[in-house]
Amino acid sequence: MSLEALIRTAVKCFAVFFLVAGCAGSDALVVSSDRPQQPVAAEMKKEEPAKEPQAAVEPAPKMEIRRAEEARSQDNPETQNSTTAEEDCPDLTEKALAMIEEADESWKKGDIEGAIETLDAAYRLVLDTNGDTESARQKDDLRLLIARRVLAIYSSSQTIRANGTASEIPRLLNADVEKEIRSFQGPEREFFLSSYQRSWLYRELITGELNKAGLPPELFWLPLVESGFKVGALSRARALGLWQFIPSTGYKFGLVRDEWVDERMDILKSTQAAIAYLKELHSMFGDWLTVLAAYNCGEGRVLRVIARQHINHFDRFWDLYYQLPNETARYVPRFLATLHIIQDPAKYGFELAEAPGVSLRYETVTVNKVMKLSDIALKLEASQEAINIMNSELRHKVTPDREYAMRIPQGALEKFNQVYEEIPESAKPVVRFAQRTFISYRVRPGDTVSSIARKYGVTVKDVNAANNLGKNNIIRAGRVIRVPARGGGIASPRQAGAPSSRAAGCCAGGVAIGVYQVRAGDSLWGISRQFNVSMEKLRKMNQLKSDTLQAGMKLKIPCLKT
């Protein structure tokens, strides 16, 4: 580079430095927050006097910045002499303002995602302050302006349209969604196909309820991910039914549970409860993918993740993706994968034929006696499967001993009235509650879960479940554990002097010394108790230097003489 070019570059940099230093701060910048539904530029155009000659209207962001600059220059005499410098802001400011204008145009066209991405890029552009005070103040103005734009766009995107239909769920296709598509194409193909076939049973009812509520029709496929469209699906978290309600959430949305019914399995009532829950979550989060994440893991969990975000407008699902539980992080991509396959099954190697199956069109009749659904179907000469599904909330497939609005196939009411008295009254089902008796046992040196389980005649699995033990089954001396009783009775150790079945087998044939092969989980203390012999005697007979035993070892056991 020539000397003349270097001088020109240095002069230019020096000029830019003074221009940046003279730019406006953020004290007077105020952006109206009560106008979120349209860009500010459109509102500014409405305020122009009608009789003045038409002139090019400045973009809204520029006008707001310039107003702030003018207000500050009037209050600060030192800046009145720098008007020329203030009118020509640095390239950084111009680029950021141009990007905000571009975001406004995308917003007008309805491209919400494009607008947000442009604003994010503008925010990153002004993120560094480079230590210059005046430049930092101006960048603060821009950051505030960008943040308010983002808030306005989000507010508009959360609004329900006038016809009652919520905005559609974005059908994104990224690496996570493609991974779930491959899973449905491979190991879960049979699950997907069988779930799709079952969906035809409930399509008319569920889509009708979604349409009435004004929710996206794509939500019909949520039960495929939740339960595989199985009415009786029960998860490890005790979530039940098509929509997988846990008891507390079901109770919140009016689903009744008692000894006769569990309305989480009722197709209509659980669908209405799910719609109410989804609408509540949508009013809370606005973004449908975040709504689905909250439906899966709870709104409290999602709100806590959002609270940990350092930037307050990063609250969409993909912003939170890596901080959510693994099950939830997979849940939303699985739902999106389902939508892609349903939309174009041939593209992904599926043939999804219609399978109408059983009709669920019904009429309601009030009954007041205990009857088996199988007996009702027999008398009506109707499909027992159809009647079971229509009344799926009945826990025992028996009508309760009170007034109950029972559903029967459409057109069968007259025949039902004719045969009602012929349907035999059934006995009230006996409800057995899973109650067990436990004792407290203090772990002694040498005890293992296996030896304690043998001692009290229960399984290792029972002891683990009663004490929430991990896979290693580790217990330490001095700990108090719960031991379940056998058959609901009182747990008690084996009586001294009464050898176990293992001891009897070991000493069969009247031998003086038997041989016992150590099994996994055995301890020297447990074996001594099992065979009613002291640990010291076992050590001497087997020349043991320690109490540690290995599975497969053979020990000499002194047999009791009878």
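Just so it is clear, none of the values below were taken in a lab; they were calculated from the coordinates. Here the structure is a predicted model, which is why all the values come from computation and not from measurement. Cβ sites come from the backbone with ideal geometry, for glycine too, and all protein chains shown count toward neighbours.
What does the extension gain come out to for LYS556 and ALA465, with contour length at 0.36 nm per residue minus their alpha carbon separation?
29.4 nm
Which of ARG189, ARG257 has the fewest other C-beta atoms within 10 Å, and how do the rest follow up to the most? Intermediate values should be presented prior to the final figure.
Details: ARG189 13, ARG257 17.
Result, fewest neighbours first: ARG189, ARG257.
Taking θ = phi - 60°, what integer Hz values does the Karplus form 6.51 cos²θ - 1.76 cosθ + 1.60 yield along region 359-373, in sequence order, with x for Gly and Pro?
Ordered by residue, 3J(HN,Hα) equals 7, 9, 6, 9, 10, 10, 9, 8, 10, 8, 8, 7, 9, 6, 5 Hz.
What is the set of long-range amide H partners of LEU555 at a cut-off below 5 Å, with H atoms built 1.01 Å from backbone N?
Amide H neighbours of LEU555: TYR516, GLN517, VAL518.
Under 5 Å between amide hydrogens, which residues at least 5 positions from ARG395 or on another chain qualify, with H placed 1.01 Å from N in the peptide plane?
VAL261, ASP262
How would you rank ARG539, ARG304, going from fewest to most other Cβ atoms within 10 Å of each one's own Cβ?
The order, fewest Cβ neighbours first, is ARG304, ARG539.
Based on the mean of other Cβ atoms within 10 Å per residue, sort peptides 171-177, 530-536, 447-453, 291-297 so the most packed one is first. Before the final figure, lay out each step's value.
Numbers: 171-177: 13.4, 530-536: 16.3, 447-453: 20.4, 291-297: 23.4.
Packing proxy ranking, top to bottom: 291-297, 447-453, 530-536, 171-177.
Taking θ = phi - 60°, what integer Hz values does the Karplus form 6.51 cos²θ - 1.76 cosθ + 1.60 yield along region 97-109, in sequence order, with x for Gly and Pro?
5, 5, 5, 5, 4, 4, 5, 4, 5, 4, 4, 4, 7
Between ALA355 and ARG143, what is the label-point separation in nm under the 7 Å Cα-to-beta-carbon projection?
5.6
Using the count of nearby Cβ atoms within 10 Å as a rough guide to exposure, how do TRP243, TRP221, TRP200 rank from fewest to most? Intermediate values should be presented prior to the final figure.
On the way: TRP243 28, TRP221 20, TRP200 16.
By the 10 Å Cβ count, ascending: TRP200, TRP221, TRP243.
What area, in nm² and to one decimal, does the C-alpha convex hull of region 362-422 cast on average over all directions?
Mean projected area for region 362-422: 3.5 nm², to one decimal.
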